[in-house]
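Enquirer: Sharing a structure with you now.
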Amino acid sequence: QLQSKILILTICAAGIGGTFQYGYNISIINAPTSYIQTFMNETWLERTGVPLESNMILLLWSFTVSAYPLGGLTGAVVAGPMAIMLGRKMSLLLNNVFVIIAAVLSGFSRMAKSFEMIMLSRFFTGVNAGVSMNIQPMYLAESAPKKLRGAVALTSASFTALGLVLGQVVGLRELLGREESWPFLLASNVVPALIQLTALPWFPESPRYLLIDRGDRESCISALQKLRGNSDLSAELEEMLAEQAAVKGQRAKNPWELFKNPALRWQLMSIIVLSSAMQLCGNDSMYFYAAYVFREAGIPQDKIPYVVIGTGSCELITSVTCNMIIDYAGRRPLLLGGYIFMAGWAIVFMVALSQQTQISWMPYLSMACIFAYILSFGIGPAGVTGVLPTEVFDQMSRPAAYMICGSLLWFNLFLVGTAFPFIVKSLAHFCYIPFLVVCVCTALYVGFFLPETKGKSFLEISEEFKKRNFKAQTHAVFYKGPEEIKSTVL
């Protein structure tokens, strides 16, 4: 079973410096918040002789936090051209440069007495996460055999959750969460980058990219042999050659070309709805509420960080579970179930929050809701959303589709991060109403409009969407595809 070992090691090498960094860098910034704010104040005092007002510190801090999604947006935009010009694997390797720059900036920020370096470092960290969130699922889904495609691409979500948990653990006071060690905590993201730089070069490039984009059949066969071992490759190669014939003479598309193309209408609509819903469903805001709810439930302040690790572990457990069942259960049931459950828990959570002070056991119910909400998110939306662009777009549209997906993801992360405090202020206990609406609408969309992609080849999936996009046209049109394809059989 050497070939399955190679596939597993490829997944790990891509994941550790890929989406792992996204989760890790989101959570390591939480522990040193107050220390970095103090550092900003002291630095300003040293420079000007005047301390900062508290609202100015808050403003500088929100700049520091929002530099991350801003970098992510930049990364998502450059990821498409990188994936086309450099290839999937090379892009992931080159992407580590951004993290190394970020680690140097944050590691030396205290020595240089510059909080601007922290902001810049968060921006570069964001660029790294933006690139890997787009390219890693693409690289893995293109390298995986058809029957394992969902599970392999979904490991991106498992690595994000693993990064989240490890970031929370490393941020504990016993490790790097003390005041004197925050520069090391922020610079610790260089370790996964170095691991990837040593490991990933040993593994093959995406076979699909080599054949369809580069037209290099020899390299494609050698990459396939590395990944599949001695198993019969003829069927898989035939399918790739059919896909190559279907996109012959085309070049990689730009994002705006996807909007103009009527043949991609439903695919585009599906990824726009699902990518937006992933951030607008309120899962990240649950983490914002976690500390407050745990405090209300009577957990001592110094023990809260340990309980918060439980919330991250929830996401990790469910994304690993989802990994195991996605190729049996299918994509639609997981998405549908996830959003329906989240809508239900959002209602219970708002009721629990509004009764928090009246009924003694309500804080425990809110606590249960936080865990249940994160579990529901992890079982479907967290992972399946990242798999879909690979499955519903062909080789030439895929990088552009990921650019659109990634840009929406980061823009909405920024939007929710900025707007959520104001939503809480104006709606108080009913702050989850906007998220509830998003969950219900997304569940309806998935239920009525999203076809199942489990176990189908990329060509079969695009045929299915073709029927939806051109419903009005005559039945005869559809059978052009397979006729052309038959003629390319060797």
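The values are calculated or read from the model by the stated rules, or taken from the named source; none is laboratory data. Quick caveat: nothing in here was measured; it's all calculated off a predicted structure. FYI the Cβ positions are ideal-geometry reconstructions off the backbone, even for glycines, and counts take in every protein chain you see. When the accessible area is computed, the model is the full protein with side chains, heavy atoms only, and any ligands, DNA or RNA have been set aside. Shrake-Rupley method; radii C 1.70, N 1.55, O 1.52, S 1.80 Å.
Enquirer: Among the listed residues Ile304, Ile272, Ile299, which satisfies the condition of being under 19 Å from the mean Cα position of the chain (by Cα) and either more than 14 Å from Leu375 (Cα to Cα) or of a type in the set (Ser, Thr, Tyr) (or both)?
Expert: It is Ile272.
Table: residues versus (1) touching a Leu at 6+ places or on another chain (Cβ under 9 Å); (2) among the polar types (S, T, N, Q); (3) surrounded by fewer than 20 Cβ atoms within 10 Å (Cβ to Cβ).
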residue: Ile118; (1), (2), (3): yes, no, no
residue: Gly126; (1), (2), (3): yes, no, no
residue: Glu142; (1), (2), (3): no, no, no
residue: Gly163; (1), (2), (3): no, no, no
residue: Leu175; (1), (2), (3): yes, no, yes
residue: Ala187; (1), (2), (3): yes, no, no
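Enquirer: Continuing with the same structure: Could you say whether any residue in region 76-90 is within 16 Å of Asn25 (Cβ to Cβ) and either modelled with pLDDT of 95 or more or touching a Ser or Thr at 6+ places or on another chain (Cβ under 7 Å) (or both)?
Expert: yes
Enquirer: So which residues in region 458-476 are open to solvent by 60 Å² or more (accessible area, probe 1.4 Å) and at pLDDT 80 or above, if there are any at all?
Expert: Once the filter is applied, which keeps residues that are open to solvent by 60 Å² or more (accessible area, probe 1.4 Å) and at pLDDT 80 or above, region 458-476 yields Glu460, Lys466, Lys467, Arg468.
Enquirer: Take the conditions at pLDDT 90 or above, over 23 Å from Val387 (Cα atoms) and assigned by the TED database to the domain that holds Ile16 and apply them to Asn95. Does it pass?
Expert: Criteria not met by Asn95.
Enquirer: Please list, ordered by first then second residue, the pairs with beta carbon atoms under 7 Å, 6 or more apart or interchain, first in region 253-266 and farther than 16 Å from Gly80 by Cβ, second open to solvent by less than 60 Å² (accessible area, probe 1.4 Å).
Expert: What qualifies is Pro262/Asn469; Ala263/Asn469; Arg265/Asn469; Trp266/Phe465; Trp266/Asn469.
Enquirer: Which residues, counting only those in region 334-359, are closer than 25 Å to Phe449 by Cβ and without any contact (Cβ under 8 Å) to a residue 12 or more places away in the chain?
Expert: Gly344
Enquirer: Suppose we filter region 206-219 for residues that are farther than 17 Å from Val247 by Cα and over 26 Å from the mean Cα position of the chain (by Cα); how many remain?
Expert: 2
Enquirer: Of the residues that make up region 206-222, is at least one open to solvent by less than 20 Å² (accessible area, probe 1.4 Å) and closer than 18 Å to Tyr22 by Cβ?
Expert: no
Enquirer: How about region 216-250: which of its residues are over 20 Å from Arg149 (Cα atoms), free of Cβ contacts under 8 Å to residues at least 12 places away in the same chain and out of contact with any helix residue (DSSP H, G or I) (no Cβ under 7 Å at 6 or more places or on another chain)?
Expert: The answer is Glu218, Lys248, Gly249.
Enquirer: Across region 29-49, what is the number of residues that are modelled with pLDDT under 90 and not small (Gly, Ala, Ser)?
Expert: Number of matching residues: 4.
Enquirer: Now for a separate question. Do any helices (runs of 4 or more DSSP H) entirely within region 327-441 hold 2 or more residues that are open to solvent by 20 Å² or more (accessible area, probe 1.4 Å), of a type in the set (A, V, I, L, M, F, W, C) and under 23 Å from Phe259 (Cα atoms), and if so, which?
Expert: Once the helices (runs of 4 or more DSSP H) in region 327-441 are filtered for at least 2 residues that are open to solvent by 20 Å² or more (accessible area, probe 1.4 Å), of a type in the set (A, V, I, L, M, F, W, C) and under 23 Å from Phe259 (Cα atoms), what remains is 398-427.
Enquirer: Here's a follow-up. Go through region 195-233 and report how many residues are in contact with a Ser or Thr (Cβ under 6 Å, 6 or more places away or on another chain) and farther than 17 Å from Lys5 by Cβ.
Expert: 2
Enquirer: For region 231-259, which positions are under 13 Å from Leu459 (Cβ atoms), within 31 Å of the chain's Cα centre (by Cα) and assigned to a helix (DSSP H, G or I)?
Expert: Result: Glu236, Glu239, Met240, Leu241, Ala242, Glu243, Gln244, Ala246.
Enquirer: Give the residues of region 113-136 that are assigned to a helix (DSSP H, G or I), more than 19 Å from Gly15 (Cα to Cα) and touching a residue at least 60 places away in the same chain (Cβ under 8 Å), sorted by residue number.
Expert: Answer for region 113-136, where residues must be assigned to a helix (DSSP H, G or I), more than 19 Å from Gly15 (Cα to Cα) and touching a residue at least 60 places away in the same chain (Cβ under 8 Å): Ile118, Ser121, Arg122.
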